Structure formats: structure tokens, C-alpha cells
Amino acid sequence: MTTQETIKQTFNFSVNGQPQTVHSYPMKRLLDVIREDLTLTGTKEGCGEGECGACTVFMDGLLILSCMTPICQVQGLDITTIEGLADSTGLHPIQDAFYEEGGAQCGICTPGMIMAAAHYLEHPDSAENMGEALAGNQCRCTGYTRIFASVEKAFEAVGKPLPE
Amino acid sequence: MRSYLPDYPVINPTSLDEALEVLAAKSNIKPLAGGTDIMVYMDTGVFPASTLLNLYSIQDFSKTPEFSDGHLKLNPLSTYQHARTDQAIVNAFPLLAIAAKEISVLAVQSRATWIGNVANASPAADGVPALMAYDAMLKLSSKDGQREVPLHQFYQGYKQMDLQPNELITEIQLPPLDPGWKDYYRKVGTRRFQAISKTLLAGRIKLNEGRVIEDIRLVFASVAPYTLRAVQTESVLRSRPLTPEIIDEAAQAIQDEISPIDDIRSTETYRRQVTTNLIRDFLNSNLTK
Amino acid sequence: MHIPRKEEEIVKRTISRNDDFRVLQHNIKRPEGIDKVTGKAIYIDDLQTENHLYGKTIRSTVAHGILKNIHFKDGIPWDEFVIVTAKDIPGKNVVTLIEDDQPYLCEREIMHKAEPLALIAHEDKHLVEKALNYVEVEVEELPAIFSIEDSQQNKVTLQQSNLTNEFHVGLKEISEDVWTECDQIIEGTYETGAQEQLYIETQGIIGQVDFDGDAIKKVSVWGSMQCPFYIVKALMPLFDVEETQVRVVQTETGGGFGGKEEYPNILSGHAALLSWKAGGRPVRMIYDRQEDLWATTKRHPSKITIKTGFKSDGTLHAMDIDLNLNAGGYITLTPLVLSRALLHCWGPYRCANTSANARAWLTNSIPFGAFRGFGTPQAVFAMELHINKCAAELNIDPAELRRKNLLQYGDTMPTGQVMDEKIDLDFLLDRSLEKSDYVNRRQQIEQFNQSQKSSGGLKRRGIGLCMNFHGGTFAGSGETHMNSHVAMTLDAKGHVDILAGQVEYGQGTITTFVQIASEVLGIPVEWISKHQPDTDVVPDSGPTVASRTTIVVGKMVERCSQALLKKLSEVGLNKDYTANEFQQAAQAYHNKHNELLYVKVKFEAPPDQLEWNEETYEGAAYAAYTWKCDILEVEVDLVDYSAKCDKFISVVECGRVLNPIIAAGQIEGGNAQALGFGLYEDTVLQEGGMANNQYTNYIIPTTADIPEMDIEFIEFPYLDYGPYAAKGIGELPIDAPAAAVAAAVAHAMGNHFICDIPILPEKIMVVAEQAEGI
């Protein structure tokens, strides 16, 4: 077991503004560090192979998949998860819109979907349109129409035009 | 995550020299860039036990690609996202931006690297065909020095590369483009985004005033054991006038050059037929102009 | 068989109309919605446990054989592991469901790939994964069969007979005389694949056994599931314990679609067995995606042959339907799936002579099981595509062929059930045609295709139309047998808690129940909650399946609310009370009785319910039917042969809509899943096992593949069977769009029909390259 221990390394980074130090296997997924070491269980695993988008978080503002990111590459970076999306006063406009418009059904894809939608709201030029912006986040319940409606509503709420 | 994490130590070099030292001194080292392929292999439990060389920790690599005097240099941490957002690249090498958009989705494009796509050597790679169509040159570095290999000569068989264990791909260089080329890129997957290609054509053509094909590039994914530049078919077309008859000839020639297979994603028949259709679509679109 | 339609005024209402409801028909937000959008909702893998082990399953890699031995090879500290094999099982090694054919762990004969053979657990989650690679299973392979045809031809006989069930409806056979009365006879065979539910949350259960000395005190499981009481019934014989010794708790469930109807029985047994063997330590068994795809049930593949005879004016005169399902290696819920398929296979049409036969066949494929629609999507795909094919052959517009044959109020269905709902399917059709601008679009599309052909263009478009019905609730007298209960508690502050075994898994159970109770009780929705399904606390209100939650259990919530008001009238609650007075009454009740007010009601069949004969398959099959018409358009690209749906409208009749957003969300979600069934989703079965068992290789539509859908609800007057005249809608939407999209592709391809789904580009290619004039 000693060789196993020796490959562990110490990583410093922040999650939702809080500094964190984790001693871990370096190839442990950021997803598992968030969920197990930090018990922030809002970030979900749907596939483990970078397809479903349920584990989407921000890393230094970039939209990334936490199941595709080993903790050794998070050293010194800032992570934002669903738990840190809104400020303490309430819901992020995307969260509010998903709540109002029925964008969440079973809810398992919702945290990842909301992270991708929030990124799109912030960077509407990052994709050709909403369909592309959310194509990495799969939902099996809604058929996406309520999700489109939610995102449209959030753009309206913050006074941004939704790209065609 | 099916892989046993204690089987994967990681070395975090802070400089390129240090990384090359590690590659020279140790065996069974796997460079780790954006991790978007390696993490999938680890998740499914098929990645052999090895020591990873974390390129993220190297300060020498500016993540943004270098673009000057028409030359583009992509370094080991240049991602697809850079190729979509850097307007200079979008203007100068439009196929890169088009290809980048077709690779998975935004949350992967932010981490997946061009060099990683080359080094993974998947026949279905979406980025490699665009690079190859632009005559990309690879810079391979080792402790002993550097060498350059044209990308279209880099692959030698399924997952076989002209790359020594002590070498790292440190740069992809794209030469400045002549004016007058027309580009084509079409990926065929089962859905619009987030799909593995069943066939793909990255094509470029340069026609002279008399509609004669001065030069042409035809690069395909998923129809051979590695990214295929169809040099035979190119030579059928080169220096000949672009006519419906020659398009038929090219459609015929490509059939001898590709070697697609049946797998869980598609069939050989489909890949053959659609590959032909792609060539026709590409050439026809230039016929009418 | 046709009874003339009564000339009665049929009232049509759309969703925009509000009756004077205070809460119903309003878009009440999901009570659990905030937790879902903030990531606070607790799914099974989010539930924290201490001192737990991680459990894994050793599975068969062969499809049929005799299990000889399991070797645990060197290289793993096996003495640190908990290992369970069939011989350890304390009670009966049978997964309780319909038949006793499926073991929790294989004892001798392996029936399919991925069959569970043994269980292992360890506290190191990575080591337990690694250990699976150090297990070698010794098997004597036996010949195996995988297709319906091989099973029918008895190439290998499994169990006692390959034929698991056979049901029949209508005429024994259609006589030659009847066929000769027909002017045109059209036949077709239709096949559907093993669609995967692909809930985004994989299957997961945490099991824990408590001991009293050496004896089992309590077997508890928590997890992602649709039917907590199925699990209670499954765990009792496994551990040979009483009902009170089993506790099942549903955690937030990330989608189910039927996939979490019966499979969690097995997984619960496995997790509990490991915990029992480990002396009571909690055992976490959360499947990763590969294992979930590899091991769990999918939709039954089907092969359906339909022969129809028409009169020269397009009247449907005879229908002969031969329906076959592939059951897989064990029977699971197959008889019920088969029955439901049969009871939907004739479509919403009147036909003087109908004969329908349904059979299910054992193979050495993975066992197929429940999936939203439960046999209906297969049956509807076949019939609806067949009607489109007939329209093409009869050279009649598919909408008009349907109009000539639509079922009418007062008609008798092949089961003998008289349609006593005042349905108006002509209106449903008209509204759909109008909404989609069908007539013009069809013409424009045909012109577009002509001009594409003449100019060498590589795009083709098509429009497809389908109609269907879905029978809500269990078939026949199933609900009476189920004997469901619903209870409520009221505390001194006026808070009402609804107790029922129904689960929320996205479809809106909590919201619907809270809305109904709020409407009856006249108190704000915020004062009402629905208790988490915990079998120690809530009564068995039956499984969360079969579109029965709203219509059956919702009705019981209504009645339970009324019973609660009756109790409160004892402490002086007057007729026209305010919410404040309700609170005061709640306080008064507690002052008087010094206990939580608890009321409970049991299912009551409507007094006028017709008999259903289980033996002859005659009578009222379902208490209520819902209706739908889908019209969609596709564009086919002749470079890559892809078909993309880019316009989609549905008009839906599902009784009164209690919550428009939730109802529309059900329809849109079902439509999308059905588009996947029709166009994209291909479970590649190799020797009966899923070869493409990675998320990346099972293609479901994303945001970029699905058009924004336009849903409209209409309402037929309806007997008050469900709460406030509502019906269920969970399954209705998934039945027909696969046929609609196949019909649209056929329209685009010059009436060349592809009759097996999914219609992958590879299939369109064959038609495009071989057929004339495309």
C-alpha cells in the first residue's frame, strides 16, 4: 500500500470562491473530488465519458466537463459548480427561468444543463445558436422544448437578445 | 471510473526541458494534455497502467496559438476553442474553426487540444483532417533535438505513428496559404453534434482561370486505419480540367484508396457510398462556380 | 359491429380555457423544483453513508451455458472482500415478479449475456473495479437463439417452451368470404428495435441489513426506483422475512421511463445480499453507464405483420394482425407488455372484421422489460405506418384515409368495448391539419421535391401524420386487484402531508397531487407536501407506471382530501370556510384528539365499470383512453442520407389538463424519445448483449436534433373517472411519432417505406440507391 500512498499529491484550488486543499490520486476526476472530498453533490455523473454533460462546471470561467478533468490539472484554478452559481441572494436568472418554465423534470441533467445555459447567457457568441450551445447536455425528460423556453426567458430577464 | 487510480502516477514538469528529460529517462510515460481521450479510456478501464506526464504544468506553453506572417503555430495546450474564438485564425485557416465546431461540444472543445487529437491517432479524428488539408508540419522534440514530419506522413498504421517514446509533439505548424483555394469540410455522424464521424472529408481545391485543377487536397476520416490523405485520387484530379467526367473518375478512384469497415457505428457499404457522395458534393460545388 | 353515433353536441375546449379552478389548470411550480435547479436534490449517489462497501456484479459473458465454476485469481486480496454466490442466499433465489423463472444469481443455467453470477464488495471503490478483472468464470457453452424467428422455429428450446404467452382478440380468424368482400388487400411487416430507456441517472441502490443477534431484523434499501412496493415483495422471499421487516425508500429519481419499474428488484436484492453477508455494513451499488447499458432491460423488439382489406371507397373492412415480441432470456413483465401491445394494435379505427394475435418468445438475449408505452409503441408503429403505406397504395391522402375510418363515439372495439366517451376524432384530426397547415405543406413539399429532382438537388422533404389512442391505468380489472391506498396527515398548524407510494421521477407526481389536494381543501399549495415514498410510512398506492398516477391515484388523493374535510367538519369546519378557518379547525382537531389527523382511502372502481374477461380478452380493456395526432416534417439529405425532423406539432386529448406546463413537458419529452426510437436509437445486439454499451455509441437526439414542438390540448367531455376529469398522459406521447417520422421519410423518398426502425441513414441509403425516381 505504500507505493499507492506515494503517488498521491496535494492540490490547491478553489471551489465556489472557497480555497480547497486535497490530497489525492492525481488522476482522480475533478467530478469525484467535488462530490466525494468536498461533498458537493449537485454536480452529477451521467455517463463518465464526456457525452451527457451532467457533470458540467466552470474552470477559470471555461465551460468544462468534470468527468474529463483529472484533479492534477486543476492546480491553482477556480472551479464553479451549481452550488456556487447564484450569489447568496437567491437564484441565478437561468435557475429562476428553469424553475418557472418547467425546464427541470427529473432534475438529474439540470445542474449541468444550467451551467451550460448560464455560460451561454454570459457568452452568446460562443455557439452558433442555443441548439449548439446546449448540445453537450442531454436531457431525456423534456424533449428540450421547455429548456429552450427557459433559456429564452432568462435572456429576456437579463435584457439580452437571444441570438437566432 | 473503471481504472485503478493507484496505477497512474503523474509527473508535473514545470518546463519543456524537464518534460523531455522525463521522456528520455523513464519508460511507459504518456503525455497528458486536455485529457479528453485519456479520461475516456480510463473511465472504460482500457488505459494501460502508466505514468502520465502532465503538460498542463509546463509554464513554457502559452495556451494561445501563435499567429504571425501567415504562419500558425499550435502548441500542446492549444485547444479547439482557441481556433473558434481567435478571429485571426478563423479568417486565415477557416477549416480549423469549422472543424473545431464539429468536435464534440463546447465543454470538450475548451479542453481538447489539436496536438492531442494528432497524438491519439484515431482514424475518426475530426481535427486532424483539417490540419492535414493545410499541409501541417509536426515538430517533434526530444532531449536529443528536434525534427519535423509532415502530418500526412506521420501515420503508418492503426495507431502507429512516426514518434519515438522519448519524443513529444511540441508544435503543429501551418504554412501561409496561397490565395485562390476553396475549402470544404463535412463530417457525417448520426446526429448533428456530439457524434463520432462515420466518414468525413476535409477538402481544398485550387482552380486556375481555365477551370483546371492546379492543386487539391482530399483528406478523409473513418475510412482507413488512420486519417487518410487520398493522394492517388488527388493525382487523378491534379492538372486536369474540372468536368463532370473527371468527377466520375475521382469517385471511382477513391473507392480503391479507402478501406472502410463494418463496426457498431456504421457499415462499409455506407461509408463507401457516402465518401463518394462527399467527393462529388465537394467537386460539384466548385463545378458550378 | 358499429353502433351509430349519437347526435350530441360535443364540446371542444382548448388549454387556454380556464374553468373556475383556483389551482388546477394553473402552472403551479414543482414543489421540488428549487432543489432541482440548485443541485440540492438528493439522488441515490448523493446520499452519504458511513462505513460502507462498494458492491459489484460478476456477470456472464456467454449467452447460454452451464455455470461450472467461478475462480478468484491471485493478485487481489480476496480475503478482504465480501463475496456472495447463489448458494449463500438465505431465502428463495427468485426475483419476484410474474413468473418464478429469474434468479438473483445464476445457479446453473445461464440464459443471457450479462446475467448476474456472483457479487463482490470492498470498501475501496477502485479496488473492487480492479478485482472484477481477476475473476474467471468457467462455463460450458450451449447453443443459443437470439431472434424471434429462431425462437419460433424452436432451434433451441428454452425453459419448457419458447412461447411465453399468447393472447387473442377479435375473430378467431378472418374468413375467405370476408377477404373476398374487400376490393384491395394490403399486407406489411414491421419491426422495431430494443430501445434503451437511457435515464440520465443510472440505476443505483444502497442496501443495509440490521440484525437482532444472528437473525435478520430489518432489510432496508434506498434508491432510484418507480415501484417501492414491488421491491418489498421481492425482498421478503429472498430473505424469508415478513413485510414489516423490509423497508424501501425512494430517493430523488433521475428518470425511469419504465427502466426502473422491475429492474430495481434485482439490484435491491444484490445490495441487500452483500450487506447481509457483510454483517450489516451499508453496501452501495451504483451502476456506471457501461454496466447499466450492458445489464438492464430494454424495450421488447417486435415483429408485426398486418393484413388489411379495404373497400373501394377506402373503408377498412378487415384487419388481421400477427404481433410477436422478443422476450429475452427471462419473462420479467413480458405477459403484461404483450397484453398492452395487443390491446392497442388496431389503432383508433373502426373495422367490421378484426383478428389480432399476440405472442412472446424466449431467446438468449438480455431480458426485455418495461419501457414507457409498454408494448404500445411497437403496436402503434406497425399499425400507423401500415395505414400510411395503405394510403400510398390506395392513392389516398393519409389524412383522408384515416378520416374515412376513424373510431366514433358509440363504436365497438375489437374487444367488444363500446366507446362510451364522447370522442370526436374528426375534430382532433381537423385541428391537427389546421395547426400544421397540412394540406398546403404537403403540396409545397411535393413541389419542392419535384424541383429538387429536376435540378439535381440533394434534399427531399416529407410530411407524416399519425394518430393513436392510449389506454390509461392497468388493463381490465388490474386496478381492483391492486387494492391501492392513499393516506393524508394533517398537523396542528394546518400542514397536509400526502402519503402514497407513487414516486416523482420527473413526470410531476408531487405537483399533481399537491394541486389536487389544494383544490379540494381550499388551502395554498405551500401548505401541502407529498411524503417521500418510504414503505414504512406510506401506504401501497400501486406502482408508478401505466399512466395511472394522475387518473387512479390522483383520484384517491381527491377522495382522501374529501375524507379529511369530513373529519374536520366534526370539529366545526363549515361549508364555506377560509384557509384561516381550515387552520383553526386543524388546531381544534389536535386540541381535541391530541394526535396527528390521519385519513386513508382505498381504491374504488367506478360503479358502472364494464367487466373485463381475462380469459377471453373481452370487455372493457381500459377505463379511459387518451388521444393524439402528430404531424411532423423531415428533411432527408441525399449526401449522407440523414433524416432530420424540423417541424413537429401534436394535438392531444387527455381529459382536463391539470398543469399545462407539466402536461406539455410530458408530451414534448415523449415525442423526443419517440423520434429517437424512430430515427436514431440503435441497440446493437451481438449474441443478445448490447455491443454498443457506451453512452457515446448509443445515439439519442440532442438539442440540435429536435425541433421546438408545438403542443395543443383539446378536451372531450369525459366521465368523471379521474380527478376533475383528468386522465393520464405519461405514455400517450411515445406511441406514434416513430411511425409519423417513418411516414414522413417514406413521403420524402417517393413512397418507398422503410418498415424497420430506427431508420438509420444506412437504411435510407439502400432505398435512395436502389429505388427508382428518388
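When you check C:Thr473 against the structure, is it touching a Gly at 6+ places or on another chain (Cβ under 9 Å) and within 14 Å of another protein chain (Cβ to nearest Cβ), yes or no?
Numbers: touching a Gly at 6+ places or on another chain (Cβ under 9 Å): yes; within 14 Å of another protein chain (Cβ to nearest Cβ): no.
Judged against the criteria, C:Thr473 is not a match.
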- How many residues does the range C:472-511 contain that are part of a loop (DSSP other than H, G, I, E, B) and polar (S, T, N, Q)? 6
- Query: When the range C:515-537 is examined, which residues are found to be among the charged types (D, E, K, R) and in contact with a strand residue (DSSP E or B) (Cβ under 7 Å, 6 or more places away or on another chain)?
  - Reply: C:Lys530, C:Asp534, C:Asp536
- Selection count, the range C:676-696, where residues are under 22 Å from the mean Cα position of the chain (by Cα), under 18 Å from B:Arg2 (Cα atoms) and of a type in the set (S, T, N, Q): 1
- Query: Could we say that C:Gln408 is surrounded by fewer than 22 Cβ atoms within 10 Å (Cβ to Cβ) and assigned by TED's automatic domain parsing to the domain that holds C:Val684 here?
  - Reply: yes
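Against the definition (more than 12 Å from chain C (Cβ to nearest Cβ) and charged (D, E, K, R)), how does A:Asp96 come out, yes or no?
Details: more than 12 Å from chain C (Cβ to nearest Cβ): no; charged (D, E, K, R): yes.
When the stated conditions are applied, A:Asp96 does not pass them.
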- Item | Search result, residues across the range B:65-103 that are part of a loop (DSSP other than H, G, I, E, B) and surrounded by 15 or more Cβ atoms within 10 Å (Cβ to Cβ) | B:Pro65, B:Asn75, B:Pro76, B:Leu77, B:Ser78, B:Asp86, B:Phe93, B:Ile103
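Taking A:Gly76 as the residue in question, decide whether it is touching a residue at least 24 places away in the same chain (Cβ under 8 Å) and either within 12 Å of chain C (Cβ to nearest Cβ) or under 25 Å from B:Thr51 (Cα atoms) (or both).
Details: touching a residue at least 24 places away in the same chain (Cβ under 8 Å): yes; either within 12 Å of chain C (Cβ to nearest Cβ) or under 25 Å from B:Thr51 (Cα atoms) (or both): yes.
Against the criterion (touching a residue at least 24 places away in the same chain (Cβ under 8 Å) and either within 12 Å of chain C (Cβ to nearest Cβ) or under 25 Å from B:Thr51 (Cα atoms) (or both)), A:Gly76 qualifies.
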- Note on the structure: All conditions in (1) over 25 Å from the mean Cα position of the chain (by Cα); (2) within 14 Å of chain A (Cβ to nearest Cβ) are true of C:Ala643 except (2)
- Task: Identify the residue in the range C:233-269 that is closer than 16 Å to C:Pro533 by Cβ and of a type in the set (D, E, K, R) and, among all such residues, is surrounded by the fewest Cβ atoms within 10 Å (Cβ to Cβ).
- Result: C:Glu243
- Query: If you scan the range B:248-265, which residues turn out to be more than 21 Å from the chain's Cα centre (by Cα) and either more than 9 Å from every other protein chain (Cβ to nearest Cβ) or modelled with pLDDT of 95 or more (or both)?
  - Reply: B:Asp248, B:Glu249, B:Ala250, B:Ala251, B:Gln252, B:Ala253, B:Gln255, B:Asp256, B:Asp262, B:Asp263
- Item | Answer residue from the range C:681-702, given it is closer than 24 Å to C:Met111 by Cβ and more than 9 Å from every other protein chain (Cβ to nearest Cβ) and is surrounded by the fewest Cβ atoms within 10 Å (Cβ to Cβ) among those | C:Glu687
- Select from the range C:663-691 the residues that are outside any helix (DSSP H, G or I) and out of contact with any strand residue (DSSP E or B) (no Cβ under 9 Å at 6 or more places or on another chain) and write down the one among them that is nearest to C:Ala736 (Cα to Cα). C:Glu681
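Would you check if there is a residue in the range C:245-261 being among the acidic types (Asp, Glu), away from every other protein chain (no Cβ under 14 Å), closer than 30 Å to A:Leu31 by Cα and touching a residue at least 40 places away in the same chain (Cβ under 8 Å)? Give the steps one after another, and end with the answer.
From the range C:245-261, those among the acidic types (Asp, Glu) are C:252, C:261; that's our starting set.
Now drop any that are not away from every other protein chain (no Cβ under 14 Å), which leaves C:261.
Okay, now just the ones that are also closer than 30 Å to A:Leu31 by Cα, so C:261.
Right, trim to touching a residue at least 40 places away in the same chain (Cβ under 8 Å) and you get C:261.
Checked the range C:245-261: at least one residue is among the acidic types (Asp, Glu), away from every other protein chain (no Cβ under 14 Å), closer than 30 Å to A:Leu31 by Cα and touching a residue at least 40 places away in the same chain (Cβ under 8 Å).
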- Task: Among residues belonging to the range C:652-662 that are in a loop (DSSP other than H, G, I, E, B) and of a type outside the set (Val, Ile, Thr), point out the one that is nearest to C:Glu712 (Cα to Cα).
- Result: C:Cys654
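Condition check ((1) within 11 Å of another protein chain (Cβ to nearest Cβ); (2) at pLDDT below 95; (3) closer than 14 Å to B:Gly116 by Cα; (4) touching a Cys at 6+ places or on another chain (Cβ under 9 Å)) across all residues:
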{"site": "B:Met39", "(1), (2), (3), (4)": "yes, no, yes, yes"}
{"site": "B:Leu52", "(1), (2), (3), (4)": "yes, no, yes, yes"}
{"site": "B:Gln59", "(1), (2), (3), (4)": "no, yes, no, no"}
{"site": "B:Glu66", "(1), (2), (3), (4)": "no, yes, no, no"}
{"site": "B:Gly70", "(1), (2), (3), (4)": "no, yes, no, no"}
{"site": "B:Gln81", "(1), (2), (3), (4)": "yes, no, yes, no"}
{"site": "B:Ala88", "(1), (2), (3), (4)": "no, yes, no, no"}
- Item | Test for B:Ser235: is it farther than 20 Å from C:Val639 by Cα, away from chain A (no Cβ under 14 Å) and not in a strand (DSSP E or B) | yes
- Note on the structure: Checked the range C:367-395 for anything in contact with a strand residue (DSSP E or B) (Cβ under 9 Å, 6 or more places away or on another chain) and among the aliphatic types (A, V, I, L, M); matches are C:Ala379, C:Val380, C:Ala382, C:Met383, C:Leu385, C:Ile387, C:Leu394
- Starting from residues that are within 7 Å of another protein chain (Cβ to nearest Cβ) and assigned to a helix (DSSP H, G or I), keep the ones in the range A:102-115 and report whichever is surrounded by the most Cβ atoms within 10 Å (Cβ to Cβ). A:Thr110
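The values are calculated or read from the model by the stated rules, or taken from the named source; none is laboratory data. Owing to the predicted nature of the structure, the values given are computational and were not obtained by experimental measurement. Note that we place each Cβ from the backbone using ideal geometry, even for glycine, and neighbour counts take in every protein chain shown.
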